[in-house]
Amino acid sequence: MDGLNKGLSKIEIAMRWDPSPAGHPSTDLDLVAATYPADDPHGDPAYVVHFDSRSPDGTIYLNRDSKDGQGFGYDEVMTLELGRLADRYARVVVGVVIQQRPAERTFVSVINPGLRIREGYTVLAEDDFGGVLGATAATVAEFVRDGSGPWEYRRGLHGFEGDPSDFARTMGAARRP
């Protein structure tokens, strides 16, 4: 019956956080997605989507971007139309980066963060970044497929403690068990 499995098609990744207290610098979190080719799924990304950008084919885009966490509900929302992604791509990794201006920050300093990943009305994952409190960025989702087969979701929150400018380059590297 595997031939009937369509896999994942259209994914929404949404993130929320509360604004910084009065008199403190704004907290700015950004969703980032990197797409990897089938011939090198753990190498350099074919392209990276983040604020002020979208994928060349329009299959990955940011619906909402917040620089301060002010607003109702989810502050930052990204859509991945995996069902439309070309067969030459076998992996998409999504992460969250904390902007480091004007002050250095980790997730411990973000007030009331939340993450939701869903397809349609089905929630695939929710998280509060409690497992990566000392990180400046984190991968939050990985979507993979074999050849032109169905897309699958691999859950996992993995912190990154280096310079966030290096995150997009290294977020898709193979992880050691």
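The values are calculated or read from the model by the stated rules, or taken from the named source; none is laboratory data. Treat the numbers as computed from the prediction; the structure is a model and nothing was measured. Here the Cβ is made from the backbone with ideal geometry for all residues, glycine too, and neighbour counts use every protein chain on show. Calculation scope for accessible area: heavy atoms of the full protein, side chains included, ligands and nucleic acids excluded. Shrake-Rupley method; radii C 1.70, N 1.55, O 1.52, S 1.80 Å.
Looking at Asp52, Asp28, Asp65, can you tell me which residue is exposed (fewer than 15 other Cβ atoms within 10 Å of the Cβ) and either closer than 22 Å to Leu8 by Cβ or of a type in the set (Asp, Glu) (or both)?
After ruling out the rest, the residue left standing is Asp52.
Only one of (1) within 20 Å of Gly156 (Cα to Cα); (2) part of a strand (DSSP E or B); (3) touching a Phe, Trp or Tyr at 6+ places or on another chain (Cβ under 7 Å) is not met by Val77, so which one is it?
(3)
Yes/no matrix, rows are residues, columns are (1) touching a residue at least 12 places away in the same chain (Cβ under 8 Å); (2) in contact with an Asp or Glu (Cβ under 8 Å, 6 or more places away or on another chain):
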position: Arg91; (1), (2): yes, yes
position: Val123; (1), (2): no, no
position: Phe129; (1), (2): yes, no
position: Ser148; (1), (2): yes, yes
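Identify all residues within the stretch 151-172 that are surrounded by 12 or more Cβ atoms within 10 Å (Cβ to Cβ), among the small types (Gly, Ala, Ser) and not in a helix (DSSP H, G or I); write none if there are none.
If the condition is that a residue be surrounded by 12 or more Cβ atoms within 10 Å (Cβ to Cβ), among the small types (Gly, Ala, Ser) and not in a helix (DSSP H, G or I), then Gly156, Gly159, Gly172 are the ones that fit.
Pull out all pairs, ordered by first then second residue, where Cβ-Cβ is under 8 Å, the residues are six or more apart or on different chains, the first lies in the stretch 154-176 and is among the hydroxyl-bearing types (Ser, Thr, Tyr), and the second is open to solvent by less than 90 Å² (accessible area, probe 1.4 Å).
Hits for this filter: Thr170/Phe160; Thr170/Gly162.
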